[in-house]
Amino acid sequence: MANNKNTNSSKHCVLCGRGENEVPLLLAGLDGYICSDCIEMAHEVLGQQMGTVRKEESRHARLENLSKPKEIKKYLDQYVIGQDRAKKLLSVAVYNHYKRINHNLVDKVEHPEDEVELEKSNILMVGPTGTGKTLLAKTIAKLLDVPFTIVDATVLTEAGYVGEDVESILSRLLQEADYDLEKAERGIVFIDEIDKIARKSDNPSITRDVSGEGVQQAMLKLLEGNVVNVPPKGGRKHPDQDYVHVNTQNILFICGGAFEGIERRIAQRMNTQVIGFAPSGVKQVDKDNLLQYVEASDLRAYGLIPEIIGRLPVITYLDQLDKKALKDILIKPKNAIMKQYAKMFELDGITLEIEPAVYDLIVDTSLENKLGARGLRGICERIFADAMYDAPSSRKKTFKLTLEYAEEHLSKNN
């Protein structure tokens with residue numbers, strides 16, 4: 001019956017064979033016609049197929065075997081001494097971030113009716129120099145096996161000025177991921193010295209603040225999660241060059257800074273200079289460790305703009321390292337400094353023996369010069385320089401580092 005109608009009709013669908021009188025709409029192509037019913041059916045089949053492909057791609061991009069917060073902290077404990085509060089907050093924030101990525105990649109594809117959209121929480125670490133801010137971020141990236149880059153905020157300027165554009169941050173992340181865009185979009189960026197781009201003054205100035213508030217404004221789109229045009233090889237943007245479009249939605253930004261002098265602002269807010277008896281109900285303030293009370297208002301008073309503080313919701317502090325912590329850093333972690341020197345001597349066939357008093361000397365020197373953990377290696381280099389120079393040519397099988405030897409070489413290099 002249908003075939004008779006089709007023979008009488010000059011137009012018919014090339015897929016189902018029905019004529020123009022049997023279908024709601026017949027669309028013309030170069031060599032034939034296709035009806036609206038066949039188009040709808042093809043759309044449904046294609047949608048199902050594309051949905052399956054997206055699920056497979058999402059599963060491939062998913063981070064498998066994600067460590068739980070307790071497991072992340074346990075791993076950090078092997079490399080970072082102390083800072084338990086910071087390690088807990090960092091472990092929770094990182095776990096939630098990558099759990100969110102897995103949810104948005106897989107669960108939202110498999111269950112599109114789920115209306116809950118999880119947003120990311122970037123991290124701000126406040127603490128004196130040499131307390132382990134960079135080490136914490138680097139160790140977490142090593143555990144997760146994701147691209148990781150460290151950027152110094154002091155070199156960043158507004159677009160058009162001497163220095164580096166904010167987009168260069170993502171150029172470095174792309175390089176670390178071997179230009180694998182999907183991999184880079186799950187990476188971690190550590191922005192160090194973020195306190196150095198604080199607003200210089202609330203008062204208007206004749207000179208433009210190109211490395212302060214302007215840089216903070218430019219960083220907003222990165223921190224929040226947007227598609228950013230990034231020069232693939234870094235450098236300045238040019239109108240004719242090709243860009244890599246990087247979505248920062250799933251990139252975790254960890255910012256760190258010493259915020260020198262912020263304790264005074266915290267003290268003013270908490271009114272630590274009260275004379276006489278403290279009013280009832282007011283908690284005692286630990287004046288030796290005011291950083292533990294740091295809040296968003298203190299950061300704003302220091303010079304960070306409210307918009308950037310809002311995009312760094314997880315704020316944690318790092319304690320100043322005391323003598324015991326510095327001594328533990330020398331000998332306890334998996335990658336402890338003294339273990340590294342012992343390994344270097346071992347490669348020359350020499351066993352390194354160290355008197356316990358030498359550890360106290362190194363730690364006291366670091367505390368005296370306010371160098372923190374970062375200064376320990378520099379002190380050790382001064383002590384070991386001559387010994388490592390002689391070691392490859394020496395026939396001795398043991399080198400014993402005594403207190404007298406260490407004091408002599410430290411004073412000689414001062």
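The values are calculated or read from the model by the stated rules, or taken from the named source; none is laboratory data. The structure presented is a predicted model; accordingly, all values stated were derived computationally and were not measured. Counting neighbours? That spans all protein chains shown, and the Cβs are built from the backbone with ideal geometry, glycine included. The accessibility values were calculated without ligands, DNA or RNA, using every heavy atom of the protein model including side chains. Shrake-Rupley method; radii C 1.70, N 1.55, O 1.52, S 1.80 Å.
List of remarks:
- Meets criteria (in contact with a strand residue (DSSP E or B) (Cβ under 6 Å, 6 or more places away or on another chain), of a type outside the set (D, E, K, R) and either modelled with pLDDT under 90 or more than 30 Å from residue 254 (Cα to Cα) (or both)) for residue 402: no
- Selection status of residue 287, modelled with pLDDT under 90, within 23 Å of the chain's Cα centre (by Cα) and open to solvent by 80 Å² or more (accessible area, probe 1.4 Å): no
- Scanning the range 24-39 for residues that are surrounded by 10 or more Cβ atoms within 10 Å (Cβ to Cβ) and out of contact with any helix residue (DSSP H, G or I) (no Cβ under 6 Å at 6 or more places or on another chain) turns up 26, 27, 32, 33, 34, 35, 36, 37, 38, 39.
- Residue in the range 31-53 that is part of a helix (DSSP H, G or I), β-branched (Val, Ile, Thr) and at pLDDT below 80 present: yes
- Restricting the search to helices (runs of 4 or more DSSP H) fully inside the range 320-414 and requiring at least 2 residues that are charged (D, E, K, R) and in contact (Cβ under 8 Å) with a residue 40 or more places away in the chain gives 323-331, 374-390.
- Residue 369, sole failed condition from (1) open to solvent by 60 Å² or more (accessible area, probe 1.4 Å); (2) out of contact with any helix residue (DSSP H, G or I) (no Cβ under 9 Å at 6 or more places or on another chain): (2)
- Note on the range 292-319: residues that are surrounded by 20 or more Cβ atoms within 10 Å (Cβ to Cβ), β-branched (Val, Ile, Thr) and not in a helix (DSSP H, G or I) amount to 2.
- Every residue from the range 259-284 that is at pLDDT 85 or above and either over 23 Å from residue 85 (Cβ atoms) or among the β-branched types (Val, Ile, Thr) (or both): 262, 266, 268
Residue-wise test of (1) open to solvent by less than 10 Å² (accessible area, probe 1.4 Å); (2) at pLDDT 85 or above; (3) part of a helix (DSSP H, G or I).
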residue: 98; (1), (2), (3): yes, no, yes
residue: 114; (1), (2), (3): no, no, no
residue: 137; (1), (2), (3): yes, yes, yes
residue: 172; (1), (2), (3): no, yes, yes
residue: 205; (1), (2), (3): no, no, no
residue: 209; (1), (2), (3): no, no, no
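- Cβ pairs under 9 Å, 6+ apart, first in the range 169-182 and within 12 Å of residue 233 (Cβ to Cβ), second open to solvent by 10 Å² or more (accessible area, probe 1.4 Å) and in a helix (DSSP H, G or I): 174/181
- When residue 79 is tested against (1) within 19 Å of residue 148 (Cβ to Cβ); (2) exposed (fewer than 15 other Cβ atoms within 10 Å of the Cβ); (3) at pLDDT 70 or above, only condition (2) is not met.
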